[in-house]
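Asker: Here's a structure for you.
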Amino acid sequence: MRKKLVVAGDSWTAGVTARDKTGRPLFITNPTKNINPEFKLWPEYLGDMLDMDVVNVGRGGVGNEFIYNNIVDKLSSVKNVGLTIAMWSDHTRWDFKQISATLRIDPSVEDPFEGWLSQSLINHLKPIVDVIKSRNMTTTEYNFLRSLRWFNAFQNYCESNKIPYMQCSAFNTTSNDIVSQIIDHPVFYNMKEDHFYGWPMFHQIGGFNMSDKLNEIDPDMTKLRVSDEDSHPNTEGHKYISEVLYDEYKKISS
């Protein structure tokens with residue numbers, strides 16, 4: 001039986017098309033359910049290189065709480081895991097999984113509900129968001145430290161269950177406030193750098209995210225991105241991501 005590659009993330013991992021319960025795009029498994037076919041994503045490329053079956057539990061637009069919960073839930077039931085990868089999202093995203101909503105709640109965001117939620121969902125969530133804001137839970141420090149603890153919890157789960165793992169960040173909000181906070185936080189020093197590609201994530205202290213890696217060889221966003229207006233990786237971008245993750249995996253598994 002082939003080993004499993006279990007991955008989670010936002011649209012950089014799951015794409016923007018709907019997926020079935022195994023994580024495969026519906027345009028492959030049931031073409032009548034999806035009218036917007038999508039190119040192959042980095043997990044599929046990486047699965048081919050590793051000769052592993054891909055289990056993708058990512059979802060577009062979600063935050064790091066959703067990513068953590070989904071990947072740990074899946075790892076609790078999937079057998080024969082050869083590798084698991086969490087590609088983390090923006091730390092300003094708050095997940096409300098029970099109603100399948102994610103909001104960007106940050107002092108710089110004037111209206112977290114703008115653009116896409118139904119009025120009924122807005123009415124349901126607004127009192128909750130008001131409490132979060134009133135309790136000073138949307139600061140740069142608070143938002144990032146929530147994510148930092150999930151990074152560490154994912155690391156500890158995999159270590160304790162002897163599951164080969166990697167982590168990386170698709171993109172993040174660069175802020176000097178975050179940098180000054182994480183280098184003073186004890187959890188920062190418990191992270192295993194060799195298992196977190198790009199750690200410590202921020203260029204001010206020598207780290208990077210996956211978007212930074214794409215920018216290194218495609219600063220004009222014309223080769224590895226969907227467009228200069230859509231920063232998601234295109235086909236070549238997903239290939240590149242799979243290649244750098246494959247190289248990193250070889251280093252930690254050798």
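The values are calculated or read from the model by the stated rules, or taken from the named source; none is laboratory data. Note that the structure is predicted; figures quoted are calculated from it, not measured. Every residue, glycine among them, receives a Cβ derived from its backbone with ideal geometry; neighbour counts consider all protein chains shown. All accessible areas refer to the heavy atoms of the entire protein, side chains included, with ligands and DNA or RNA removed. Shrake-Rupley method; radii C 1.70, N 1.55, O 1.52, S 1.80 Å.
Asker: Provide the per-residue ³J(HN,Hα) series for the stretch 234-240, in order, calculated from phi with Karplus coefficients 6.51, -1.76, 1.60 and θ = phi - 60°, each as a whole number of Hz, with x at glycine and proline positions.
Answerer: Calculated HN-Hα couplings, in order: 8, 4, 5, x, 5, 4, 4 Hz.
Asker: What value in Å³ per residue do you get for the convex hull of the alpha-carbon atoms in the chain?
Answerer: Considering the Cα atoms of the chain, their hull volume per residue is 144 Å³.
Asker: Follow-up. Size of the dipole of the chain about the Cα centre, Lys and Arg at +1 and Asp and Glu at -1 on the beta carbon, nothing else charged, in debye to 20?
Answerer: Values: 27 positive and 33 negative charges, 241 e Å.
Here the chain has a charge dipole of around 1160 debye.
Asker: Leaving out ligands, DNA and RNA but keeping every protein chain, what accessible area does Asp247 have, in Å² rounded to the nearest 10, with a 1.4 Å probe?
Answerer: Its heavy atoms expose roughly 90 Å² to the probe.
Asker: Same structure, new question: Comparing Ser108, Ser77, Ser11, which has the greatest mean-square fluctuation in the GNM of the chain with Cα pairs linked when under 10 Å apart?
Answerer: Residue with maximal mean-square fluctuation among Ser108, Ser77, Ser11: Ser77.
Asker: Which value at 222 nm does the chain reach when only helices count, each DSSP H run of 4 or more adding -39,500 (n - 2.57), with the total divided by all residues and rounded to the nearest 500 deg cm²/dmol? Write down the numbers at each step before the final one.
Answerer: Numbers: 9 runs with 100 residues, N = 254.
Per the formula, -12000 deg cm²/dmol.
Asker: Lysines near Lys79 by alpha-carbon distance under 21 Å, same-chain residues fewer than 8 away left out - which ones?
Answerer: Of all the lysines, those that pass the test against Lys79 - Cα under 21 Å, at least 8 places apart if same chain - are Lys3, Lys4, Lys21, Lys162.
Asker: Under 5 Å between amide H atoms, partner at least 5 residues away or on a different chain: which partners does His91 have, H built in plane at 1.01 Å?
Answerer: Correct list: Thr173.
Asker: May I pose another question? Would you mind getting the accessible area per residue of the chain, heavy atoms of the protein chains only, 1.4 Å probe, in Å²? Don't jump to the answer; show the numbers that get you there.
Answerer: Numbers: 12510 Å² over 254 residues.
I get 49 Å² per residue for this part.
Asker: With springs connecting C-alpha atoms under 10 Å apart, model the chain as a Gaussian network and identify which of Tyr240, Tyr189, Tyr197 has the largest mean-square fluctuation.
Answerer: Among Tyr240, Tyr189, Tyr197, the largest GNM mean-square fluctuation belongs to Tyr189.
Asker: While we're here: Using θ = phi - 60° and the Karplus relation 6.51 cos²θ - 1.76 cosθ + 1.60, list the HN-Hα couplings for the stretch 100-112 in order, rounded to whole Hz, with x at every Gly or Pro.
Answerer: 6, 10, 10, 10, 8, 10, 7, x, 7, 9, 6, 10, x
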